[in-house]
Amino acid sequence: LEEHPRRRILQKSGIAILTIAGLTFTPVVTPPPLANAASDQKPKEFNEVGQQETPPDGERPFVTLSNGVQIKDFRVGGSGGAVVQQGSKVELTLKGRLLNLNGVIFYDTKANDPNGFGEGTPLLFTVGDGAVLPGLEAGVIGMTKGGIRRIIVPADVGYGKYPDLEPKPFTEMEKRALDSV
């Protein structure tokens, strides 16, 4: 079987092409292997796993709390609203993503939609009662109603140490995604 010349060119360049229904996408570009690469030399991305890049000018960086939880407000809630503190009853609409699996979603309150109107079922808890991950509780303290905050929860105050606490995945696929880490 003779190999097509275009296929040889694509294989040498390291470009993977996916064609579906006549549309061509190039989702993966892999550089050719280096001939004299030392095995102990790693790209910067592998040396600094878990480190946050510096934010663009004018954007606030993540704030790291004493327990390692990182928070960043994207929208501060309405003024005059009650601030979340120990003992506050909280209703959250949230989406849980796995940082080390490129943002695979393992929990989404909007996906749990028993009535089919797209509003989902929020996560309800009282701060300090121990029903949810300690890292999530620490991350919501200081928020006000209507606020949007990204919370990065490390394993020692998250599922690594407390696998049975809320928020628990709804679907089998979400459970498998969370179990894979």
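The values are calculated or read from the model by the stated rules, or taken from the named source; none is laboratory data. This structure is a prediction, so every number in the text was calculated from the model and none was measured. As a convention, Cβ positions derive from the backbone with ideal geometry for all residues, glycine included, and neighbour counts pool all protein chains shown. Just the protein is used for accessible areas: all its heavy atoms, side chains included, with ligands, DNA and RNA removed. Shrake-Rupley method; radii C 1.70, N 1.55, O 1.52, S 1.80 Å.
For every residue, the table says whether it meets (1) surrounded by 14 or more Cβ atoms within 10 Å (Cβ to Cβ); (2) basic (K, R); (3) out of contact with any strand residue (DSSP E or B) (no Cβ under 8 Å at 6 or more places or on another chain).
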{"site": "T109", "(1), (2), (3)": "yes, no, no"}
{"site": "N115", "(1), (2), (3)": "no, no, yes"}
{"site": "L124", "(1), (2), (3)": "no, no, no"}
{"site": "A138", "(1), (2), (3)": "yes, no, yes"}
{"site": "D156", "(1), (2), (3)": "no, no, yes"}
(Q) Condition first: open to solvent by 100 Å² or more (accessible area, probe 1.4 Å) and either under 24 Å from N112 (Cα atoms) or modelled with pLDDT under 90 (or both). Now tell me which residues in region 82-98 satisfy that. (A) K89, E91, K95, R97
Q) Being in a strand (DSSP E or B) and of a type outside the set (G, A, S), is that true of even one residue in region 126-138? A) yes
**Q.** Residue in region 58-81 that is least open to solvent (accessible area, probe 1.4 Å), counting only those that are under 17 Å from the mean Cα position of the chain (by Cα) and touching a residue at least 24 places away in the same chain (Cβ under 8 Å)
**A.** V69
Q) Among the residues of region 140-153, is there at least one that is free of Cβ contacts under 8 Å to residues at least 24 places away in the same chain, farther than 17 Å from L178 by Cα and not basic (K, R)? A) no
